[in-house]
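Engineer: Structure provided below as structure tokens; questions to follow.
The values are calculated or read from the model by the stated rules, or taken from the named source; none is laboratory data. None of the values given here were measured: they were computed from a predicted structure. Here the Cβ positions follow ideal geometry from the backbone for every residue, glycine too, while neighbour counts run over all protein chains shown.
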């Protein structure tokens with residue numbers, strides 16, 4: 001019997017493309033769990049902007065942003081989340097509220113046209129933009145971008161900015177592994193950029209740039225940049241990136257697009273619209289990404305939502321290279337859209353992903369069930385794997401999943417009951433609240449998975465397996481009488497082996 005390799009803690013995805021995955025903007029800074037629409041008081045709406053925001057708005061208007069017209073639908077304002085876009089009038093659903101021309105974006109083209117453009121050739125897009133941000137920030141008021149850079153926050157509640165003490169609160173979680181993986185990746189890219197670009201060109205980078213500076217730039221891009229061009233390009237879009245998230249908006253459709261300015265113009269415009277009706281004085285919100293888990297939201301933006309479907313756990317399963325049937329299993333997996341390693345996201349209250357059980361059965365497949373990996377079964381094996389193969393196979397997947405859940409649950413330093421009690425407390429620190437929400441959610445999902453496989457274990461004696469199904473198909477088992485005897489013979493494997501060795505039936509009969 002092959003033993004599956006379960007990498008329960010998420011294997012971090014290809015970090016070279018980390019910043020190209022449906023980036024959405026974050027609040028400045030994110031301070032609340034599950035933001036909901038809030039009416040901005042008249043006094044708050046009318047109070048004078050702080051100088052940086054006032055200067056930013058003026059800078060944005062002077063450079064021809066469409067939303068900066070006299071009939072601007074929104075303006076930047078102070079909101080519970082920090083800064084946001086506040087409606088200046090009643091705005092119907094799907095109306096465009098912000099349009100920003102490409103000349104006001106910060107993207108790879110902006111870097112190429114700058115003084116450091118030639119130095120950044122060949123760098124990852126996000127690295128070159130990060131270096132541009134840091135250099136322009138160091139220039140202070142001498143930078144044409146300083147009104148925008150001045151309103152960027154020094155930090156957010158993203159876990160990449162947490163202290164060691166704060167990170168200890170998510171010990172045992174997949175979020176901790178992902179956070180540390182991201183920080184290690186950023187550090188490695190900084191070391192490379194420092195050696196190849198920064199230090200050899202001190203005349204362009206007169207002020208020291210540290211790894212913490214580089215992490216800040218990464219955090220700004222991770223939380224604020226929009227991806228476009230099939231996810232291959234990143235852009236910071238001033239004003240548009242002030243848009244905040246609301247859990248009450250559940251539309252899956254994107255609230256923004258990149259389009260041409262006009263029929264005869266080649267200039268691109270970033271267009272942002274409101275997905276819901278907004279009253280004058282209220283904040284305009286969008287949905288950042290309905291598919292993200294709370295761990296994703298905490299890493300990217302620094303907030304979580306107290307919704308069950310945001311609680312998730314990722315099972316990482318792998319076909320071991322030491323498996324006797326490694327090559328055959330890889331071929332079968334790839335023929336069905338999977339690979340040597342497969343990731344399965346399981347959300348609270350949701351069924352197991354449909355491909356998880358077949359893949360598990362494939363990983364475990366061995367012993368007397370190994371005949372299914374023979375080439376004659378190649379076109380039909382997945383159909384067999386979608387159903388129980390044998391008691392031994394089914395028992396094995398239940399055992400390894402339950403052991404994995406038990407091991408993962410033992411890594412947390414609190415129980416579900418303890419976390420729920422902590423969440424009842426008033427005036428919780430925001431980062432502590434995020435920690436409790438994420439670890440509590442992960443544990444509930446693990447418990448849900450364990451319960452599902454415990455129930456499956458209790459059904460092992462009544463499940464119908466491959467041999468029983470095949471004998472029925474061949475008409476060798478009647479509805480009554482001989483069924484019990486034949487099933488016992490089938491379970492001993494003797495009947496099947498004898499029939500195959502004696503060639504009483506062609507191999508195709510067993511498919």
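Engineer: Please find, within the range 369-392, the residue that is nearest to the chain's Cα centre (by Cα) out of those that are touching a residue at least 60 places away in the same chain (Cβ under 8 Å), within 24 Å of residue 457 (Cβ to Cβ) and in a helix (DSSP H, G or I).
Structural biologist: 384
Engineer: Among the residues of the range 264-281, are any within 21 Å of the chain's Cα centre (by Cα) and within 22 Å of residue 126 (Cβ to Cβ)?
Structural biologist: no
Engineer: Something else: When residue 227 is evaluated against the numbered criteria (1) in a helix (DSSP H, G or I); (2) within 17 Å of the chain's Cα centre (by Cα), which criterion, by number, is the only one it fails?
Structural biologist: (1)
Engineer: Here is a follow-up. Against the condition without any contact (Cβ under 8 Å) to a residue 40 or more places away in the chain, under 27 Å from residue 144 (Cβ atoms) and not assigned by TED's automatic domain parsing to the domain that holds residue 129, how does residue 258 come out, does it pass?
Structural biologist: yes
Engineer: So, in the range 172-206, of the ones that are assigned to a loop (DSSP other than H, G, I, E, B) and crowded, with 16+ Cβ neighbours inside 10 Å, which residue ends up nearest to the chain's Cα centre (by Cα)?
Structural biologist: Here the answer is 173.
Engineer: Follow-up. If you check residue 83 against the conditions, is it part of a loop (DSSP other than H, G, I, E, B) and either at pLDDT below 70 or in contact with a helix residue (DSSP H, G or I) (Cβ under 7 Å, 6 or more places away or on another chain) (or both)?
Structural biologist: no
Engineer: Can you confirm whether the range 417-426 contains a residue that is in the same structural domain as residue 388 (by TED's automatic domain parsing), modelled with pLDDT of 85 or more, touching a helix residue (DSSP H, G or I) at 6+ places or on another chain (Cβ under 8 Å) and farther than 30 Å from residue 80 by Cα?
Structural biologist: no
Engineer: Sticking with this one: Examine the range 317-336 for a residue that is surrounded by 18 or more Cβ atoms within 10 Å (Cβ to Cβ), in a loop (DSSP other than H, G, I, E, B), touching a strand residue (DSSP E or B) at 6+ places or on another chain (Cβ under 9 Å) and in the same structural domain as residue 96 (by TED's automatic domain parsing), and state whether such a residue exists.
Structural biologist: No: zero hits.
Engineer: If you go through the range 477-484 one residue at a time, do you hit one that is at pLDDT 55 or above and closer than 30 Å to residue 302 by Cβ?
Structural biologist: For the range 477-484, residues at pLDDT 55 or above and closer than 30 Å to residue 302 by Cβ: absent.
Engineer: Then there's this: Is there any pair linking a residue in the range 71-82 that is within 16 Å of residue 274 (Cα to Cα) to one that is in a loop (DSSP other than H, G, I, E, B) and modelled with pLDDT of 90 or more, with Cβ under 7 Å and at least six apart or on different chains, and which?
Structural biologist: Correct list of pairs: 72/88; 73/88; 73/89; 73/95; 74/88; 74/284; 75/88; 76/239.
Engineer: Based on this model, can you work out whether residue 154 counts as closer than 16 Å to residue 52 by Cα and at pLDDT below 95?
Structural biologist: For residue 154, the condition - closer than 16 Å to residue 52 by Cα and at pLDDT below 95 - is met.
To keep it simple, each residue is scored yes or no on (1) buried (at least 21 other Cβ atoms within 10 Å of the Cβ); (2) modelled with pLDDT under 95; (3) under 20 Å from residue 220 (Cβ atoms).
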{"residue": "96", "(1), (2), (3)": "no, yes, no"}
{"residue": "100", "(1), (2), (3)": "yes, yes, yes"}
{"residue": "105", "(1), (2), (3)": "yes, no, yes"}
{"residue": "114", "(1), (2), (3)": "no, no, yes"}
{"residue": "126", "(1), (2), (3)": "yes, no, yes"}
{"residue": "129", "(1), (2), (3)": "yes, no, yes"}
{"residue": "136", "(1), (2), (3)": "no, no, yes"}
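One line per residue, one yes/no per condition, for (1) touching a residue at least 60 places away in the same chain (Cβ under 8 Å); (2) in a helix (DSSP H, G or I):
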| position | (1), (2) |
| --- | --- |
| 406 | no, yes |
| 414 | no, no |
| 421 | no, yes |
| 434 | yes, yes |
| 443 | no, yes |
| 447 | no, yes |
| 454 | no, yes |
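Engineer: Contact list please: Cβ distance under 7 Å, first residue in the range 459-488 and more than 24 Å from residue 381 (Cα to Cα), second residue modelled with pLDDT of 55 or more and assigned to a loop (DSSP other than H, G, I, E, B), pairs at least six apart or on different chains.
Structural biologist: 483/477
Engineer: Could you list all residues from the range 141-171 that are closer than 30 Å to residue 419 by Cβ, in contact (Cβ under 8 Å) with a residue 40 or more places away in the chain and outside any loop (DSSP other than H, G, I, E, B)?
Structural biologist: Answer for the range 141-171, where residues must be closer than 30 Å to residue 419 by Cβ, in contact (Cβ under 8 Å) with a residue 40 or more places away in the chain and outside any loop (DSSP other than H, G, I, E, B): 159, 160, 161, 166, 169, 170.
Engineer: Can you tell me which of (1) in a loop (DSSP other than H, G, I, E, B); (2) without any contact (Cβ under 8 Å) to a residue 40 or more places away in the chain is the one residue 358 doesn't meet?
Structural biologist: The failed condition is (1).
Engineer: Can you say whether residue 301 is surrounded by fewer than 21 Cβ atoms within 10 Å (Cβ to Cβ) and modelled with pLDDT of 95 or more, as far as the supplied structure shows?
Structural biologist: In short, no.
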